[in-house]
1. Can you pull out the residues in the range 162-204 that are free of Cβ contacts under 8 Å to residues at least 40 places away in the same chain, more than 23 Å from residue 31 (Cα to Cα) and either in contact with a helix residue (DSSP H, G or I) (Cβ under 9 Å, 6 or more places away or on another chain) or assigned to a helix (DSSP H, G or I) (or both)?
2. For the range 6-14, state whether one or more residues are surrounded by 13 or more Cβ atoms within 10 Å (Cβ to Cβ), under 15 Å from the mean Cα position of the chain (by Cα), assigned to a strand (DSSP E or B) and at pLDDT 95 or above.
3. Does residue 139 count as out of contact with any helix residue (DSSP H, G or I) (no Cβ under 9 Å at 6 or more places or on another chain) and part of a helix (DSSP H, G or I)?
4. Just for the range 26-50: of the residues that are surrounded by 15 or more Cβ atoms within 10 Å (Cβ to Cβ) and more than 21 Å from residue 103 (Cα to Cα), which one is modelled with the lowest pLDDT?
5. Would you tally the residues in the range 84-95 being in contact with a strand residue (DSSP E or B) (Cβ under 8 Å, 6 or more places away or on another chain) and either buried (at least 21 other Cβ atoms within 10 Å of the Cβ) or not in a strand (DSSP E or B) (or both)?
6. Do we have any residue at all in the range 122-134 that's under 24 Å from residue 39 (Cβ atoms) and surrounded by fewer than 16 Cβ atoms within 10 Å (Cβ to Cβ)?
7. Is there any pair linking a residue in the range 112-138 that is over 12 Å from residue 172 (Cβ atoms) to one that is loosely packed, with under 14 Cβ neighbours inside 10 Å, with Cβ under 7 Å and at least six apart or on different chains, and which?
8. Please state which of the following conditions residue 106 fails to meet, knowing it meets all the rest: (1) modelled with pLDDT under 95; (2) in contact with a strand residue (DSSP E or B) (Cβ under 9 Å, 6 or more places away or on another chain); (3) closer than 22 Å to residue 77 by Cα.
């Protein structure tokens with residue numbers, strides 16, 4: 001008896017979410033992780049101070065600057081950037097292992113990190129840029145989340161235009177006016193990308209076996 005639900009091997013993918021601070025990419029990432037157990041969040045390394053409630057190894061790996069620079073020198077990071085005076089980066093080994101094993105990884109990174117990932121793992125990358133519905137909505141979200149002092153909020157608003165200018169470098173764009181609708185769009189993107197022919201490494205073998213059974 002043959003299975004009605006065959007498992008076809010595939011290569012994993014890297015789903016990148018980028019946006020100006022406050023546009024909602026972190027909320028979208030959390031919603032996707034809750035809805036889909038088959039994708040895991042990439043845990044970045046950073047030199048910034050943990051925010052209230054953040055846990056080392058779950059939200060980020062918190063390092064000092066010397067350790068971070070040592071990882072850069074050793075080629076242990078797929079991408080890294082300096083954002084508002086702090087270093088952020090993605091460890092290479094666990095990501096390459098996940099993709100080879102057919103596991104999907106979600107990234108919450110900026111355009112600089114996305115460009116570096118594009119240089120190193122372009123065939124595995126799915127890039128999604130998240131836009132706010134308006135400038136007023138962006139400022140309101142930054143203020144209401146109460147994670148940063150007013151001067152940092154002002155800096156994030158000043159930088160938003162530059163960050164938004166990179167939207168055309170992405171494969172998909174979501175205008176995040178409604179979290180539920182935006183989340184549905186993101187899930188649809190992921191579902192479609194998982195079915196890409198060139199990502200399904202076991203498809204040729206499956207098709208040959210199917211043809212053989214039909215002749």
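1. If we filter the range 162-204 for residues that are free of Cβ contacts under 8 Å to residues at least 40 places away in the same chain, which is where we start, we get 162, 165, 167-168, 178, 180-181, 184-185, 188, 191-192, 195-197, 204.
Among the residues that remain, those that are also more than 23 Å from residue 31 (Cα to Cα) are: 162, 165, 168, 196-197, 204.
162, 165, 168, 197, 204, listed by residue number.
2. So far as the range 6-14 goes, yes, one or more of its residues are surrounded by 13 or more Cβ atoms within 10 Å (Cβ to Cβ), under 15 Å from the mean Cα position of the chain (by Cα), assigned to a strand (DSSP E or B) and at pLDDT 95 or above.
3. Numbers: out of contact with any helix residue (DSSP H, G or I) (no Cβ under 9 Å at 6 or more places or on another chain): no; part of a helix (DSSP H, G or I): yes.
The answer is no for residue 139.
4. Among them, the one singled out is 27.
5. Residues of the range 84-95 in contact with a strand residue (DSSP E or B) (Cβ under 8 Å, 6 or more places away or on another chain): 86-92, 95.
Next, only the ones that are either buried (at least 21 other Cβ atoms within 10 Å of the Cβ) or not in a strand (DSSP E or B) (or both) stay: 87-90, 92, 95.
Total satisfying the criteria: 6.
6. Checking the range 122-134: at least one residue is under 24 Å from residue 39 (Cβ atoms) and surrounded by fewer than 16 Cβ atoms within 10 Å (Cβ to Cβ).
7. 133/177
8. Single failed check for residue 106: (1).
The values are calculated or read from the model by the stated rules, or taken from the named source; none is laboratory data. The structure displayed is predicted, hence computed values, not measured ones. Heads up, the Cβs are rebuilt from the backbone with ideal geometry, glycines too, and the neighbour counts pull from every protein chain shown.
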